[in-house]
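One structure below.
Derivation of every value follows stated rules applied to the coordinates shown; laboratory data play no part. Not measured: the values here are computed from a predicted model. FYI the Cβ positions are ideal-geometry reconstructions off the backbone, even for glycines, and counts take in every protein chain you see.
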């Protein structure tokens, strides 16, 4: 429950802070103004990074405050954060940014005692690097990766999505390795990113800014080194795979600038995401392609985490060569993606006709409008044992919902969403741990199947909705589905024993369902809130033994 609590806290804190910080950013001119190099057309608040950092640090401090390393880490990210905030507000040259990164890295290297000393089989007989090599190598690695993530922040949801996949992989490997310190850190940051991406996927309403991208890059490389440079059977080259794509992107761009005699640190539009757009892909498609590549890398990191360093290095070079070859050939041949007219005319045209007629949306929406709340109510009968604290918490949430339903109606949707995000994961988790004898086994089978059926109607509702401001599918859906479908099917006994695949599928189905419902209901949340209150009351009363 420590990891679930950490994840939920970081998600909710970040989601709660972003609207507040967005308004503050507009007042203090903390905004990103579009120019010829950028792909967005309107000024955007750049305060998302502050929300990510606070959202991650609150649960981290709660669980790991006794760790000595934590103090040096916080000092380092404060240095990075101040530099990033000044850059976001006023802008300063690259050397000022580098100076802050170097100071932060030195804090981690010396008092934090974190260095790259072990390169595994790349060195003979397990030889460790001497200080005069390990210190500069660690400094270059930390500063380099921090900037690699910073430079990857070029499209809506791109840097955040890459980091979410990386931190999820890091958290999982750290957990399996018994390094709960790194695991909790990674889970907290992953949760904060998840909350941020709700506002940052295309079309974004907020950016993370240099504050956020540097915080994520610095944290990712420091935690990767913390995990792999300790006493562990993990290959010390694991960070190379987890961070492989942003590293390759940065090296490629820098090499091109050097070759063409341009300043190394002057921004341009030659990153892989820019090149994908020039090849004819839309923003969302470019982000999705990079997500796929990064997903492949984190899967490789998990599968090859115990392999030899030469295997890892050669594999990464082959991967890099393949990526560079594909882009080089596409650039030289002037490849441009040709949109297939038959798809636009027949498939999209037919879908538009069905959407305009509105028959499918009427049926699918009515099914989830009543079916999903009833499913939540039924779920409240399933847990066999409900702790007293959970029971009292549920009844407190009932009081909060009643208050906003009757008095503060303007904020009902926001409060309802937060309560559902707290209630659903816990309800599903304890329901799967042990089911009540009140529910026959055959009925439980139909209950589990119903989630799959509702998922179909959710997709139909999304695709055939005529709402302009309802729920929209984004590349973030891929991140959610990737984590939900891949992790449960990994060959790990701990995962199989807790049926995490089924738990994740149920939670995601309910989350998506309520997002779709709240998008379609046009701020009329009374019925949804009433069903939620009923479910919470049942859950709370059952926990009190009545």
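Using 0.36 nm per residue and subtracting the Cα-Cα separation, the extra length available between residue 324 and residue 265 on full extension is 19.1 nm.
A full extension of the chain between residue 20 and residue 90 corresponds to an added length of 23.1 nm, given 0.36 nm per residue minus the alpha carbon distance.
Note on residue 409 and residue 443: with the Förster distance fixed at 41 Å, the Cβ-Cβ geometry gives a FRET efficiency of about 0.65.
The separation of region 55-111 from region 507-538, counted between C-alpha centres, amounts to 39 Å.
The order of the peptides 203-209, 215-221, 131-137 by mean Cβ neighbours within 10 Å, most packed first, is 215-221, 203-209, 131-137.
Peptide packing for 393-402, 65-74, 142-151, 4-13 was compared via the average number of neighbouring C-beta atoms within 10 Å per residue; ordered from the highest value, the list is 142-151, 4-13, 393-402, 65-74.
Region 143-198 and region 375-438 have their alpha-carbon centroids 29 Å apart.
Each of the peptides 384-392, 531-539 was scored by the mean count of other Cβ atoms within 10 Å over its residues; in descending order, highest first, they stand as 531-539, 384-392.
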